[in-house]
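Only the coordinates and a few stated rules stand behind these numbers; no lab work does. Since this is a predicted model, take the numbers as computed values, not measurements. Here the Cβ is made from the backbone with ideal geometry for all residues, glycine too, and neighbour counts use every protein chain on show.
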């Protein structure tokens, strides 16, 4: 297997005017190009990490789209944007592709500020149809005859927003094409009625062939006079409906093309050209193989959905898997569920990412994968809670944002008891701006009946889960980072779920919580080496700052608060309104892709930067 583009072919490819010159290539050249692109994808992701399976599955589809349509005049909206790596290569970014997901390099998702060929931000799923409909409607108003093309995976199609878009788009009379990429997978295997519906279609090649034959035969029936024409039209529709049922998409007002072999370039181009000529909303179903062309990814597409660096020949990760906050959360929840049949676990298509795979095996009847539907997951959890169950929803911080209304209306107002495990809280690293978990504390803090825990080690995490399930009421959020636990110089002999105060007789106090406690501990040791001392207050329960604690904090000459979240709505902002001597370091803008360590350094939240700030003030 070639591991990168051969030098001669890469030079030849870079001479093309992209993406326009792709239309000039022969099918033989296209086949070779697809092979070379797959090699480049595998090599780059093996070094940089990223989304491999989904991108290997859409190589031919990406090429076909750029040969049929004319980007950027035709707008391609990828959903989710993690499947756009080939699109990036085909739109002139091959020379920079080695920088994928690196600091100041190419984003791992679609980013309009990066290229005019990235029509819309697409870091989270299910937004493509709505965005494409808006773009197509604007084109129509402007007298622009180009197309808006939404490329949506069947996993993203389980999201509620995609249904809202489809419901409005079918009757829109715009140049909108929805390419439904079906591969049976989102991150975990797809679930739900829509997944089953599309699975049935995947094997029904006869649907496409029969429909074409019947329509051509009926179109040959001669028509004489309007009454006869109306009668024959009714007869044609009756005959067609008796031979094959319409699709869900046709019922919504779309024309339907497919299923199409997503790895047959000629068949893809024929289907896309047919959809393009219709000049109305069309759904094109494309069947692909996730991980196509790389055996380890084809055999385990879920494991290669999003990966860190790995060994090219075997697919084995460069670093062996170790415990993480996610895995500890899942194991502890499964252990508690062994003893308490009320505990139920919910995921939104993230069984493995959130560490719930063990729970799913041990307690299958109490495990619920709702697909990419965070809002539904929260209201569903509320329904369980209203019947005396103890529901736990494990979700990434950046995805919890999509359930804000449900948090307020369906959980907080009725004061239902639901525990939310907020994974990937804080800086997440190379996934970048759309995935940073920096908004959960600010938006949760605005909602009544919410308790927020932010443990800084595994023992605290376990204690917070137990307390949140059995001692608290209302919504309980336990937030934890994308990382593993590390040794820390500052520690107590007991486990707290409230706060820990480390007093050294200093008139300088540093407040922090979660992962940043390790960074503050590093700065603490550095200051000690400089014969400087500080007191440290570690918050675990972010609601624990009461009048007594405020009085204690105000007794210090100067107070520093280091917080890994957005400043507006943060704990430090709320505290600063009451304490005049507080100096806060939090986040004031969106955070681009970089390693976690580099991001913390730039934001002034690394141990080294905390040390420098404190050292200059003491």
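Relative to the first principal axis of the alpha-carbon coordinates of the chain, what is the inclination of helix 128-141, with its axis defined by its Cα atoms, in degrees from 0 to 90 and to the nearest 10?
Value to nearest ten degrees: 60.
State the Kirkwood hydrodynamic radius of the chain in Å, one decimal place, computed from all pairs of distinct Cα atoms.
Final number for the Kirkwood radius of the chain is 26.5 Å.
In the range 506-534, whose amide N lies under 19 Å from the spot 7 Å out along Cα-to-Cβ of residue 580? List them in ranges.
It comes to 508-509, nothing else.
Which order do 147, 376 fall in if you start with the one that has the fewest other Cβ atoms within 10 Å? Please list the in-between numbers first.
Numbers: 147 25, 376 18.
Ascending number of Cβ neighbours within 10 Å: 376, 147.
Mind checking the angle between helix 516-529 and the chain's longest principal axis? C-alpha axes, 0 to 90 degrees, to the nearest 10.
Approximately 40 degrees, to the nearest ten.
Please sort 525-531, 608-614 by packing, taking for each peptide the average over its residues of neighbouring beta carbons within 10 angstrom, highest first. Don't skip to the end; give the middle numbers.
Details: 525-531: 12.6, 608-614: 19.3.
Top of the packing list down: 608-614, 525-531.
Take each of the peptides 342-348, 421-427, 584-590, average the number of other beta-carbon atoms within 10 Å over its residues, and list them starting from the highest.
Details: 342-348: 24.6, 421-427: 29.0, 584-590: 16.6.
The most tightly packed comes first, giving 421-427, 342-348, 584-590.
If I take R0 = 45 Å and measure r between the Cβ atoms of residue 21 and residue 446 in this structure, what FRET efficiency does the formula 1/(1 + (r/R0)^6) give, to the nearest 0.05? Provide the component values of the computation, followed by the final result.
Values: r = 52 Å, r/R0 = 1.15.
Computed FRET efficiency for residue 21 and residue 446 comes out at 0.30.
Out of all DSSP beta bridges in the chain, what portion is antiparallel? Express it as a percent rounded to 5. Walk me through the numbers before you get to the answer.
Details: 9 of 67 bridges.
Here the antiparallel bridges make up roughly 15 percent for the chain.
With only alpha-carbon atoms in the gyration tensor, what are the semi-axes of the equivalent ellipsoid for the range 499-617, in Å, largest first? Display every interim value, and only then the final one.
On the way: eigenvalues 89, 69, 28 Å².
So the three semi-axes of the range 499-617 are 21, 19, 12 Å.
With a 10 Å Cβ neighbour count serving as the proxy for reagent exposure, in which order, fewest first, do 497, 99, 158 appear? The partial results should precede the final answer.
Numbers: 497 19, 99 15, 158 26.
Ordered by Cβ neighbours within 10 Å, fewest first: 99, 497, 158.
When the chain is fully extended, how far beyond the present Cα-Cα distance does residue 99 get from residue 167, taking 0.36 nm per residue of separation?
20.6 nm
Fewest Cβ neighbours within 10 Å first, please rank 513, 27 accordingly. Numbers along the way, then the final one.
Working: 513 27, 27 10.
With the fewest neighbours first, 513, 27 line up as 27, 513.
Considering only the range 325-479, what is the antiparallel percent among its DSSP beta bridges, to the nearest 5? Display every interim value, and only then the final one.
On the way: 1 of 23 bridges.
Looking only at bridges with both residues in the range 325-479, the antiparallel portion is about 5 percent.
As an exercise, use a Förster radius of 45 Å and the Cβ-Cβ distance of residue 261 and residue 144 to find the FRET efficiency, rounded to the nearest 0.05.
Details: r = 32 Å, r/R0 = 0.70.
For residue 261 and residue 144, the calculated efficiency is 0.90.
Over the alpha carbons of the range 385-459, what is the largest minus smallest coordinate on each principal axis, giving the biggest first in Å?
Projected onto its principal axes, the Cα set of the range 385-459 covers 40, 30, 17 Å.
At 222 nm, what helix-only mean residue ellipticity would the chain give, in deg cm²/dmol to the nearest 500, using -39500 (n - 2.57) for each DSSP H run of four or more? The partial results should precede the final answer.
Working: 24 runs with 241 residues, N = 618.
Taking each H run of at least 4 residues, the total per residue is -11500 deg cm²/dmol.
Arrange the peptides 251-261, 358-368 so that the one whose residues have, on average, the most other Cβ atoms within 10 Å appears first. Please list the in-between numbers first.
Values: 251-261: 20.0, 358-368: 16.5.
Ranking the peptides 251-261, 358-368 by packing returns 251-261, 358-368.
How would you classify the range 337-406 from its alpha-carbon gyration tensor, with a ≥ b ≥ c the square roots of the eigenvalues: rounded for a/c under 1.5, else prolate if a/b is greater than b/c, otherwise oblate? The partial results should precede the final answer.
Numbers: a/c = 2.28, a/b = 1.24, b/c = 1.84.
Oblate, because a/c is 1.5 or more while a/b does not exceed b/c.
Could you give the distance between the Cα centres of the range 44-76 and the range 355-408, to the whole Å?
32 Å
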